[in-house]
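I have placed the structure first, in the form of structure tokens, so that the comments after it can refer back to it.
None of the figures in this text is laboratory data; all of them are computed from the coordinates on show. Because the structure is a prediction, the values reported are computed rather than measured. Note that each Cβ is placed from the backbone with ideal geometry, even for glycine, and that neighbours are counted across all protein chains shown.
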Amino acid sequence: MIELDAEDDKLRVLARGAMGRTGGRGGAAVRDSDGRTYAAGTVELAALGLTALQAAVAAAISSGATGFEAAVVVAGKLSDPGVTAVREVSPSARIVFSDVKGAVFDVLEGEVFE
């Protein structure tokens, strides 16, 4: 099992909470470069559909976030289009994927520029 540090574990808890509150199929949370966190669940409306990660990124960007340190996706897929949104803003951000119970199954490490 992949262990998370305390900050990423906090994101996992927030993502699971968002999924539970919304009753959606997934949850996600992001931490911006100032340490603020944003959590969201999957949005499934006739007029709008967003993955949980896309919704969390949108919440962060609309609140003024200019970069991301990390994101956690619960019950999502590696092909989530929100990954592209995170990478557009912060290519070096870490993205953690867990199952519905919170067990981490993959971590995408971002590009590191030196």
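Beta carbons within 10 angstrom, averaged per residue: use that to sort the peptides 84-94, 2-12, 46-56, highest first.
Answer by packing, highest mean first, reads 46-56, 84-94, 2-12.
Starting from a Cα-only point model with no solvent, please compute log10 I(q)/I(0) by Debye for the stretch 16-57 at q = 0.14, 0.22, 0.35 1/Å.
These q points yield log10 I(q)/I(0) values of -0.29, -0.62, -1.11.
Once Rh for the stretch 44-84 is found with the Kirkwood sum over Cα pairs, what is the Stokes-Einstein diffusion coefficient at 4 °C and 1.567 mPa s, in µm²/s?
The Stokes-Einstein estimate is 116 µm²/s.
Quick check on the chain: what does the Kirkwood estimate of hydrodynamic radius come out to from the alpha carbon pairs, in Å?
13.5
If you take the Cα Rg of the stretch 70-114 and divide it by 2.2 N^0.38 Å, with N the number of residues, what do you get?
1.13
For the chain, what does -39500 (n - 2.57) per DSSP helix run (n ≥ 4), summed and divided by total residues, give at 222 nm, in deg cm²/dmol to the nearest 500?
Helices in the chain give a 222 nm mean residue ellipticity of -10000 deg cm²/dmol.
Quick check on the exposure proxy: order V13, V96 from fewest to most C-beta atoms within 10 angstrom.
Ascending Cβ contact count within 10 Å gives the list V13, V96.
What size of dipole, in debye to the nearest 20, comes out for the chain about its Cα centre when the only charges are +1 on Lys and Arg C-beta atoms and -1 on Asp and Glu C-beta atoms?
560
Determine the distance separating the Cα centre of the stretch 40-114 from the Cα centre of the stretch 1-37; give it in Å without decimals.
Between the Cα centre of the stretch 40-114 and that of the stretch 1-37, the gap is 10 Å.
Compare the Cα positions of G26, V57, A46 along the charge dipole of the stretch 1-67 (+1 at Cβ of Lys, Arg; -1 at Cβ of Asp, Glu; about the Cα centre) and return the one farthest towards the positive end.
Of G26, V57, A46, it is A46.
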